[in-house]
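> Have a look at this one before I ask anything.
No lab work stands behind these numbers, since they all come straight from the coordinates. Nothing here was measured: the structure is a model prediction, and the numbers come from that model. FYI the Cβ positions are ideal-geometry reconstructions off the backbone, even for glycines, and counts take in every protein chain you see.
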Amino acid sequence: MTAYLPVSPDVTRFSYPDNLPMLMQLHCFSTWFTVIGKGESKIKVIVRRPSAALLTAVIHIVRRSPYALLTAAEQRTIHHNNGIKPSSGYHFFAIITPETNRKSTIFANMIDHQTVEKIRDTANIVDVVSEFVTLKKSGSNYKGLCPFHNEKTPSFYVSPARGMCHCFGCGKGGNAISFIMEHEQMTYVEALRWLANKYHIEIHERELTDREKEEQSQRESMFIINKWASDYFENLLHNHADGQAVGMQYFRMRGFRDDVIKKFNLGFDLTDRYALGREAVAKGYKEAYLTATGICYKNDRDELIDRYAGRVIFPWTGVSGKIVGFTARVLDSRTKGVNQKYVNSPDSDIFHKDHELYGIWQAKKAIARDDRVFMVEGQADVIAMYQCGIENVVANSGTALSLHQIHMLHRFTSNITLLYDSDAAGIHAALRGTDMLLSEGMNLKVLMLPEGKDPDEFARTHTADEFKEYIEKNQADFIQFKTDLLLKDETDPKKRADAINSIVESISVIQNQILRDTYIHDCAQRMKLSEATLINQMNVFIRERRSGTSTQSRQDGTATAEDASNEAGTTQTAGLQQQATKVESLLMQMVVRYGERIIIRGAEDESGQLHDISVAQFISYNLAADNLTLGSELFNRMLDEAAEKSSDPGFNAESWFLHHNDIDISRLSTSLAAEEYHVTPQRDNGPKNEEADRQREANETEALRIQVEHLLTDFRMDYVEKHLKDLQAQMAQAASDMEKLKALMSEYRDLQNMRNQLARKLGSNIIV
């Protein structure tokens, strides 16, 4: 029995036979999950008769999803049913429970395959992009100002023939789906729904189970009642006498403009603790959902009590645009003697405070556009900075940063600036969660405001230009900030040693080795210590973390981020291109552009059969003959796909990859194919000469074959050069071992001869 392995995000079910070996189960699951996990916000995992080892491994795969959504009750379910406690600092979005009489199945509420294909076929790239960009005809293509970065000269091109767009300034682009994902900061499924709505395509989804329907209905009902409550609070603020006299007066006293108050849907709640409940029930909303969301609670007399009565309201809008919760603040005149200045929505199926960031819905486009996010503490700070003209700002509202929040931000940018006041509390806040940010690959800066000023006050007393100028002049690299903070005027040797250890530990969690080495070098010079000493200490921290014997701080969640990030398996397009050598990128460019083109006809195999060989097949067979592979797993996957599909009638590599189900492949292919359509050659519409056409085609085929062979030779040259350098290092280390040295020297000479042969083929001369 063969395992069924979906390979596209629109497939809704994954299953495998019970007798499949566990390692193969996990391999299939991990491959499927890497793709499907980019889709909906929640996937339900059900495992029949799970072993502890299997459950542990599955949890290990899913725990790092940026779409985590699991209630405390569901966490207890995992612990109770499986005897496995979720690791501290992680939030699983899979519900894993042993259910009898059921095949091992993973369900996800996703769009069916036929609908996805219909959306792809219907979506017109020019039509879609024109919604956001003014396009002008340029030959057979269109061009306009790029929506992803500021520019004065158009470098954003749209090719209707290929169904793709690309900016030659910043490199962003893709097909209609990836364009909407990037521009509107949507997930894959959200982008599909956006396009379906634009073209009036009915969405078809698979039939949910009764239990799934119930869960979905409950969640949707909670979102609906939150939206109603938000509108209720907002209406009171603008149209009720108390809202105008008390709530609006408070916001204006804080300096909030009316347009910004509207933008953030701010509201006001009456002092009558029964009014909201009565109004909701009268409108037909169920008490169960009022209490489930935490808007109301019941007293001993079973009466509905308004949790937020007499306060101004700050709704939390999630990254998808739905109201997920509220923060209510008591007014300044009533703060004396009040224990709770702020009241937040309690944890529920739709709201987890450490999963959300205040202001993310309003800020996400600006974050993506400016490629930076500012992190502040409170809601008022967000609104004040937004009003000042700095829109790419969010708040964690006093909670320690969680991995989920970091992953949410990483969807939009890898650059973050922590912005706090310079008192002890602000400094403490700046240091919280920073190692986790560094370990997750975020480029971290810190900005301390003048003493006694918080972002809200500073924004109200400065213009946008003054604030931006202050940021540019005063934001500091986090390692520099921490070094200055901990070592400034510190003379006690023990305290200096502790501070240096803390700084080196922060450097050790950084994933980028070059950046890590740069920090170590700078710190050694600044601290007047041996660089080797700092490197040795850093390696100790790294080894401890990998072996699981880390210090208490890392046990609390800051350390395992490095290990888990290596497990994630999601590779970004830009990173792929940076990792690949130039010749590898050129080879993949040939595969994307000409993969299906036949360059050798009538090649004879071992059995005497004749075959036509395409570009993709030629590259694949050529590399396989010498046991060589490309440096990127995604490149290898694309090459294998192209080689396999080249035999299919009508296969076009460029179209296949530009509109690939895997959005990472689609984006990468756009970048690889883009250069060709910048200037479009004009076609000759004159009389046809068949013989001349045949000759021209033959010449083009021959030129293409020569180019591919040349690139393959270049690839081998790179491979040999790398191994020569490795051998040189090995010979230096084996200077005292004559036997080993002789063997290495012999291998070195053989590789030199091979290099010289390759050089002659390439037309180069190498002196050895």
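> Taking the mean number of other Cβ atoms within 10 Å as a proxy for protection, how do you rank 590-596, 625-631 from highest to lowest?
590-596, 625-631
> Summing +1 for each Lys or Arg and -1 for each Asp or Glu, what net charge is found among the other residues whose Cβ lies under 10 Å from the Cβ of ALA384? Please list the in-between numbers first.
Numbers: positive: ARG254, ARG460; negative: ASP381, ASP454, ASP456, GLU457.
Local net charge: -2.
> Then there is this: Can you tell me, using C-alpha contacts under 8 Å and at least 6 residues apart, the relative contact order of segment 112-183 as a whole percent?
26
> What does the highest-first list of 346-352, 721-727, 732-738 look like by mean Cβ count within 10 Å?
Listed from highest to lowest mean packing, they are 346-352, 721-727, 732-738.
> Between ASP737 and LYS582, what is 0.36 nm times their sequence separation minus the Cα-Cα distance? Round to one decimal in nm.
Extending this stretch completely gives an extra 52.1 nm.
> Return the distance in nm (one decimal) between the two label points of a simple spin-label model at TYR199 and GLU451, each offset 7 Å from Cα along Cα→Cβ.
Taking the simple label geometry, TYR199 and GLU451 are separated by 6.3 nm.
> Then there's this: When only alpha-carbon atoms count, how far does segment 210-351 stretch along each of its three principal axes, as whole angstroms with the largest first?
Taking max minus min along each principal axis of the Cα atoms, segment 210-351 gives 51, 37, 28 Å.
> Let me know the shape class of segment 592-652, please: from the alpha-carbon gyration tensor, a ≥ b ≥ c as square roots of the eigenvalues, rounded when a/c is under 1.5, otherwise prolate if a/b is greater than b/c, or oblate.
Details: a/c = 2.34, a/b = 1.26, b/c = 1.85.
Because a/c hits 1.5 or more and a/b fails to exceed b/c, segment 592-652 counts as oblate.
> Computed FRET efficiency, Cβ-Cβ of HIS240 and ASP127, R0 60 Å: what is it to the nearest 0.05?
Values: r = 44 Å, r/R0 = 0.74.
With R0 = 60 Å, the Cβ-Cβ based efficiency is 0.85.
> Suppose every K and R has +1 on its Cβ and every D and E has -1 on its Cβ; what is the size of the dipole of segment 210-351 about the Cα centre, in Debye to the nearest 20?
600
> Between their Cα atoms, which of LYS322/LYS364; LYS445/LYS495; LYS445/LYS473 are more than 18 Å away from each other?
Listed pairs above 18 Å: LYS445/LYS495.
> So, in nm, how far is label GLU469 from label GLU644 when the simple model puts each one 7 Å beyond its Cα toward the Cβ?
The two pseudo-label positions are separated by 6.0 nm.
> Going by average Cβ density within 10 Å per residue, which order do the peptides 298-306, 379-387, 410-418, 234-242 take, highest to lowest?
379-387, 410-418, 234-242, 298-306
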